[in-house]
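FYI, it's all coordinate maths here, none of it is from the lab. All values reported here derive from a predicted model rather than from experimental measurement. Every residue, glycine as well, gets a Cβ built from its backbone with ideal geometry; the counts of neighbours run over all protein chains shown.
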Amino acid sequence: MTADAPLSQIQSIITSLIRCRTLQEFERTLDREVRRILGGDRTVFCLFLYTERERTLCPVSLHLHDSNSSFFQFGELPYPGSLHEFAVTSGHAVSIDTLNGCLWPEASALRASSYADARALVAPLSLQHATGPSHPNTLGIMTLFDSNQNPPWTEHERFFFESLGLHVAPVLQSVLAAEDFHALISITASTLIGSTTIDSLMAATRDIVCNVTHHDITILVQFVRETKGPWFILRFIDGITVDLEQIRQIPFEQMSPAEMAATRKPIMFLGHDYLHPGRFPERTYFESIGIKSAILCPILVQGSPYGFVVFGSRRRNAFSFRDQNLTEQVGYTLSQAIDNLHAYEQISSLKEQLEQENIILRQEIGALTGTGTIVGASPATRLILRTIEQLASTDSVVLLQGETGTGKSLVAKAIHQQSPRSEKPFVTINCAELSPTLIESELFGHEKGAFTGAMKRKIGRFELAQGGTVFLDEVGEIPLPLQAKLLRVLDTQEFERVGGTETLSLDIRIIAATNIDLDQAVNSGTFRRDLYYRLKVCPITLPPLRDRREDIVPLVQHFARKYAARYRKAVTKIRRAALTALTAIDWPGNIRELEHVIERAVILAQGSALTLEDLRSPSLAPQTASHPRTLADMERHYILDILHRTNWILGGPRGAAAQLGLKRSTLQHRMKRLGIKKPL
């Protein structure tokens, strides 16, 4: 090479490089041009990006990424103490006539290859105008190895390589800026406009970033608050499997996420301890599963730490300053995108919650209408009313015990209506009506794909009752495996949806009811002892109607007025004989049974007063009957009459259960007790 050749050759190379649109295209063009001028058949060109602040190198040339290449180990060398560092520090190109016998780590990395005695040129790619001649801004380093038995490099060749580094650095800067700009435009378009879920958001981000920042691992981490303090969950992970239980052994405050949450600055690991010696003990675990390099960038949503995104690689020195800067910009975009997703999810969740609340309110409105008053004058009823008044102002758990039909649901509603939560939802869950396979989903909700048929996320009853009261009727029927999850709700007001990992917080009051002996259930092993004692904070036992006969007359009068108004009957009083007969009965079905008898009597009444004949229901009695029937007989015939009228259809708005004012399960139980079977 002659002394006047370098300028024209450099101009020719620059002309080719300015047409490049990506870093890979830039590297391939520079490789071709350098080897055309300085190399031969056995010449290898290597390009690195240099991060000045962290003093690290990131290999760009593809053969530096290939684990089967002789130069893979060369690309993973640390920067300190290397030939590359010497070139950057001196600000000039460095020539090595032969690597054989050199003490540079580059020579050690190539000792087992055919380039062990190659000659080498190393030159920084520096922007002389950036910070002045004495402190050039170095963007990268290029190295040329020639394994042919050629004479030592000439001064003209060394000077050409050095000059080339100075002239191509501005072009490299422009290529990097343009590539980053187009990547951010693509990410913004894909994430802010086209993504409606975390998975689609992160998949689009991964694919676009991978074209610029070569990585093989993508993770989105979200901060959560648990009982033991701050922690995190994996919202998206691709390319690797991470066991969070292994990491839980490390205190959160010692890890890199804690520092990022505090400083809101990204952190870069490149597989060499000189960057962060002794810091972040979780690095040992991540290196054990194959993550040798990583960039962690914090994500803020509405100004608060949301979590962080991780781009990882299975090789060392995988990232550079531009990767860190690009990732930081990606973090800003993801912050806005996740904020938009949260707003979308909140709107969808509120819409779904309103729909579910409307369904529940429609179900409850019938029970609330006309039954808002606890009727009775017995000492037992007055005690219950005083207890309701005392408990209503608290948030304590209440356990209602008593036989079926004693008014447990009415007492639960009364406690809610007199409490500060009265303006919030009152959600009833009959645990006996839900199948064991569905009860967990009904209580806690589920995520999309949690099980077969879970086509979308479902809000559970606990979430629907947020701020209000949950009434767990027949709580003794909850399956044993689910009782532990209910105990957690009682203790911490926290839960996860079925198939979900996010811990959700609740603000609800729980009132439970049962007609079974929970003490016996605990002893038999079908009910958890710790849950039983947690529920039994404030127990209320409702006595059966036979133990408070003073309440029968007020109840009969109340139900007569209620159903006379409903059916537009002119019933205004009850004959003394009828009241005497009603008071003498033990009422095994308690208040519910009494109510149904009065409803039937009002329907059948012919005048303004209910008589003993109305209660005996002569219209339903067989013609051969020569003596009054018992109330059980009358109830049986009345139910049979309704069943015949409805063609033995039990459920539905026009079914027998609805016309009798019963739940379908209650009607089935009553039919079994009375020996009523559908004719064949």
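If I model a spin label at THR501 and ASP41 as a point 7 Å from the Cα along the Cα→Cβ vector, what separation in nanometres do I get?
Output for this residue pair reads 5.4 nm.
Taking 0.36 nm per residue of sequence separation and subtracting the Cα-Cα distance, how much length would be gained by fully extending the chain between LEU438 and ARG546, in nm to one decimal?
In short, 35.2 nm is gained.
So what's the gap between the Cα centers of the stretch 263-324 and the stretch 17-93, to the nearest angstrom?
After rounding, the separation between the Cα centres reads 23 Å.
Given (i) 32.8; (ii) 41.9; (iii) 39.8, which label gives mean projected area of the Cα convex hull in nm² as computed from the coordinates?
Computed from these coordinates, mean projected area of the Cα convex hull in nm² corresponds to label (ii).
To the nearest 10 degrees, how steeply does helix 379-392 sit against the main Cα axis of the chain, on a 0 to 90 scale?
Approximately 20 degrees, to the nearest 10.
Between the stretch 368-436 and the stretch 461-485, what is the separation of their alpha carbon centroids in Å?
Between the Cα centre of the stretch 368-436 and that of the stretch 461-485, the gap is 15 Å.
In the stretch 633-657, whose amide N lies under 13 Å from the spot 7 Å out along Cα-to-Cβ of TYR567? List them in ranges.
638-639, 642
Could you tell me how many degrees, from 0 to 90 and to the nearest 10, lie between the Cα long axis of helix 155-188 and the main elongation axis, the longest principal axis, of the Cα atoms of the chain?
20
Helix 23-38 sits at what angle to the longest principal axis of the chain, using alpha carbons and giving 0 to 90 degrees rounded to 10?
Once rounded, the angle reads 20 degrees.
Place +1 on the Cβ of every Lys and Arg and -1 on the Cβ of every Asp and Glu in the chain, take the dipole about the Cα centre, and give the residue among LEU582, SER126, ASN317 whose Cα lies farthest towards its positive end.
Selected residue: LEU582.
Report, ordered by chain and residue number, the lysines lying within cross-link reach of LYS672, taken as a straight Cα distance under 30 Å and ignoring same-chain residues fewer than 8 apart.
LYS408, LYS413, LYS562, LYS663
Place a point 7 Å from Cα of ASP395 in the direction of its Cβ. Which residues in the stretch 503-545 have their backbone N less than 20 Å from it?
Hits in the stretch 503-545 for ASP395 at 20 Å: 503-512, 534-539.
Could you give the nm distance between label points at GLU423 and LYS678, where each point is 7 Å from its Cα heading toward the beta carbon?
Label-label distance for GLU423 and LYS678, simple model: 4.8 nm.
Counting Lys and Arg as +1 and Asp and Glu as -1, what is the net charge of the other residues whose Cβ lies under 9 Å from the Cβ of SER95?
Net local charge, SER95 excluded: -1.
Can you list the aspartates and glutamates whose alpha carbon sits under 18 Å from that of LYS569, skipping same-chain ones fewer than 8 residues off?
Within the straight-line cut-off, LYS569 pairs with GLU595, GLU599, GLU613, ASP614.
Is there a quick way to get the dipole size of the chain? I mean about its Cα centre, with the Cβ of Lys and Arg at +1 and of Asp and Glu at -1; what is the value in debye to the nearest 20?
Roughly 4280 debye, rounded to the nearest 20.
For LEU326, what charge total do you get from the other residues with a beta carbon under 10 Å from its beta carbon, if Lys and Arg give +1 and Asp and Glu give -1?
Result for the neighbourhood of LEU326: -3.
To the nearest 500 deg cm²/dmol, what mean residue ellipticity at 222 nm is calculated for the chain from DSSP H runs of n ≥ 4 alone, each contributing -39,500 (n - 2.57), summed and divided by the residues?
Here the helix-only value at 222 nm equals -13500 deg cm²/dmol.
At 7 Å along Cα-to-Cβ for each site, give me the label-to-label distance between LYS663 and LEU383 in nm.
Between LYS663 and LEU383, the simple spin-label model gives 2.7 nm.
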